[in-house]
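In what follows, a structure is listed as structure tokens, so that the remarks can point back to it.
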Amino acid sequence: MGKVAIIMGSKSDFDVMNEAIEILKSFKITVEYDIVSAHRTPNKMIDYAQNAEKKGIKVIIAGAGGSAHLPGMVASITSIPVIGVPIKSRNSIDGWDSILSILQMPGGVPVATVALNGAKNAGILAAQIIGTFDSEISKKIKEYKKGLEDKVIESSKNLKKNN
């Protein structure tokens with residue numbers, strides 16, 4: 001099984017990024033996480049991205065607010081898939097600065113981008129990537145999605161029953 005790395009630009013991003021950690025743990029995927037700032041710790045970021053593959057990391061989820069360079073810079077250094085999570089931070093312009101910084105990558109440096117504060121979906125996407133080569137994880141994803149379907153069907157029944 002592969003490991004997923006979750007990195008974030010600052011401690012204030014943890015509450016959002018914890019959703020990815022929790023969903024990955026629920027699928028029994030090994031997760032490591034750390035604060036890696038593209039602007040304040042660039043050498044750490046470079047080292048992290050260059051050595052991720054050696055550590056068995058198969059997917060990197062990178063969350064950042066404001067100018068949000070972390071996901072793109074990491075993607076420029078590694079061949080491991082990177083999922084970017086734009087975060088609405090204190091100094092954000094309604095999150096649009098983060099969204100566009102992660103979404104608008106130049107050709108050749110892709111970053112899969114989820115919704116603003118969408119760390120849970122980033123975790124699910126990382127699990128789906130792992131599931132392409134790990135049948136146990138693939139099975140857990142299918143069960144999870146079936147659970148989502150069941151909840152909606154149950155809600156629909158209750159709505160009709162109560163009206």
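Tabulated values for the structure
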quantity	calculated
Single match in ASP13, ASP47 (criterion: buried (at least 20 other Cβ atoms within 10 Å of the Cβ), part of a helix (DSSP H, G or I) and either of a type in the set (Gly, Ala, Ser) or out of contact with any Phe, Trp or Tyr (no Cβ under 7 Å at 6 or more places or on another chain) (or both))	ASP13
Qualifying positions in the stretch 95-147 - part of a helix (DSSP H, G or I), of a type in the set (Ser, Thr, Tyr) and either in contact with a Gly (Cβ under 9 Å, 6 or more places away or on another chain) or in contact (Cβ under 8 Å) with a residue 24 or more places away in the chain (or both)	SER98, SER101, SER138, TYR144
Candidate set: the stretch 83-101, residues that are farther than 13 Å from MET8 by Cβ and buried (at least 16 other Cβ atoms within 10 Å of the Cβ); chosen: the one modelled with the lowest pLDDT	SER92
Candidate set from the stretch 61-94 (those that are in contact with a Ser or Thr (Cβ under 8 Å, 6 or more places away or on another chain) and assigned to a loop (DSSP other than H, G, I, E, B)); member that is nearest to LYS44 (Cα to Cα)	HIS69
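The values are calculated or read from the model by the stated rules, or taken from the named source; none is laboratory data. This one's a predicted model, so the numbers in the text were calculated from it and none came from an experiment. So basically every Cβ, Gly included, is an ideal-geometry build from the backbone, and we count neighbours across all protein chains shown.
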